[in-house]
Amino acid sequence: MAAAVPVAVAALLATAGPAAAGPVHGGPAAHRATAGAPGAGDPYFPLAGNGGYHVSHYGLTLRYDPRTRHLDGTAVLTARATQALSRFDLDLKGLKVTAVTVDHAKAGYRRAGQELVVTPRTALRKGHDFRVTVTYSGTPEPATDPDGSADGWIPTDDGAFVAGEPQGAMTWFPANNHPLDKASYDFTLTVPRGDTAVANGVFLGSRTAGARTTFRWRQSEPMAAYLATATVGRFQVQQYTTRDGVKVYNAVDPREAKAAAPVLKQLPSVLEWESRLFGPYPFRAAGAIVDHAPGVGYALETQSRPLYDSAPDLATLVHESAHQWFGDSVSLTRWQDIWLNEGFATYAEWLWTEQHGGSSAQQEFDALYARPASDGLWAFAPGDPGSGANIFATPVYARGAMTLHELRKAVGDPAFFRVLRAWASAHRDGHGTTAQFIALAERISGRNLDGLFHTWLLTGGKPAAP
Ligand code: ARG
Ligand code: ZN
């Protein structure tokens, strides 16, 4: 191997001529190193994510003071170059960066909107494993989504509600902020004594020193950046292990505790019921964060531990729990396919109701189908929302669920539930696309389903009566 290197160098030097601007210490590959793309190529969010590398792990050490709203952070990203990189971007919005190193060497950096452009001292070879450390601080500001809602680091009266879908992760840590790039996470979160900081995965312990307490969390299964949380507040904490060995950690704002208690009590039975339907629960940890965050207006399926802006009702708990399979364990490759998350979680609500003495999925379907053609439900096809502004609109949820119901009717219950389980297991800890889902449903049912998906998923307007 070593003997071949001089030949390669000579060949490169002969063809490439004098090195273009930039350092050459990186060796042969450096000559051809180029900048990583500023986005992952998602037309709905062109600058979300970045090209040229994959992150395998984030180590986030944060210190937050709810009174001053000041955040100090150090993010250590372990990554691998997927091309020879002269420089690469991270996504970070707001905050002040004070230092960046790559493989422990000081790196150049500049800010350009939501891009943090990092230039390592030497170019990175394709396949090189590297470590980026970003030191930053400031007052995080929530992001405004295309639909007008806020996400990211959202201050509350006693801390912060931290929910990153679709774009908000970059408001509190530098990330490859697209669900295509999943990684494991370690969190070390320091807050004033008396406050609690809750992240994803398994709770590793806390330590109080003087006026501050540090909470440590580990999310070992791969997670998309938007599903990360580090929610801070005054919480009542409840911990237990389920019969299946899943470690549950619930954090509840005392103002929501009374309303939340009867619903949270059902979490183990909801997870068991969903495990029977969808296959084994995909994570080591589970739980809920029930915050008191009036004005947020939504809940989020933060991985292993959904985040609620107030005490959830049972349907919402079922919905966010179903996302652990559909959306979290099986991730999107592009935001256009959002119905794979929201249509499935909504259909899980219908199934729960149907199997617990309520209306049938058919009745839910019929009630929706009765809406006039002018209703917003028919405004666009759930498989083609058109832009990031529509990804959380009614057609994605309700008509996405109607699509699954049509599939169920077409292939019958046994094949339908086989498809759901096969989807969750084949793409566990990974990704799935709409085309892959259709192909799987066709393979398992032995049916050509083009017409069905074309009508229900991909064509705008109200379909003719099924
Ligand atoms: N995925 C969440 C849910 O359905 C909704 C998130 C909405 N986020 C937003 N920024 N509007 O459960
Ligand atoms: Zn949802």
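Taking a straight line from the alpha carbon of Lys182, these lysines sit under 28 Å away, with near neighbours fewer than eight places off in the same chain left out: Lys93, Lys96, Lys106, Lys126, Lys247. Answer rounded, prolate or oblate for the chain, using the Cα gyration tensor with square roots of eigenvalues a ≥ b ≥ c: rounded when a/c is under 1.5, else prolate when a/b is larger than b/c, else oblate. Cα axes put the chain in the oblate bin. Of the peptides 317-329, 148-160, the order by per-residue mean of other Cβ atoms within 10 Å, starting with the highest, comes out as 317-329, 148-160.
Scalar couplings 3J(HN,Hα) for segment 234-245, obtained by applying the Karplus form with A = 6.51, B = -1.76, C = 1.60 to θ = phi - 60°, are 8, 10, 8, 10, 9, 10, 7, 10, 6, 4, 8, x Hz; x denotes Gly and Pro.
Computed from Cα positions, the angle between helix 413-426 and the longest principal axis of the chain comes to roughly 20 degrees. Among Thr188, Thr139, the order by Cβ neighbours within 10 angstrom, fewest to most, reads Thr139, Thr188.
Here the simple spin-label model places points 7 Å from the Cα toward Cβ, and for Ser220 and Arg243 these points are separated by 2.4 nm. The label point for Glu354 and the one for Ser425, both projected 7 Å from the Cα toward the Cβ, are 2.1 nm apart.
In a simple Cβ point-charge model (Lys, Arg +1; Asp, Glu -1; nothing else charged), the chain has a dipole of about 1580 debye relative to its Cα centre. With each label modelled as a point 7 angstrom along the Cα→C-beta vector, the Thr139-Tyr298 pair spans 2.5 nm. Packing around the peptides 256-269, 374-387, taken as the average count of other Cβ atoms within 10 Å per residue, puts them in this order, highest first: 374-387, 256-269. Partners of Lys409 within straight-line reach, counting lysines whose Cα lies under 30 Å from its Cα and excluding those fewer than 8 residues away in the same chain: Lys462. Ordering Glu165, Glu221 by the number of other Cβ atoms within 10 Å of each residue's own Cβ, fewest first, gives Glu221, Glu165. Between 0 and 90 degrees, the angle of helix 339-355 with respect to the longest Cα principal axis of the chain falls at about 30 degrees. Calculated [222 nm] ellipticity per residue, helices only, for the chain: -7500 deg cm²/dmol; basis is -39500 (n - 2.57) per DSSP H run with n ≥ 4, divided by all residues, nearest 500.
Read-outs: derived from the displayed coordinates by stated rules, not from any lab. All of these numbers come straight from a predicted model, not from anything done at the bench. FYI the Cβ positions are ideal-geometry reconstructions off the backbone, even for glycines, and counts take in every protein chain you see.
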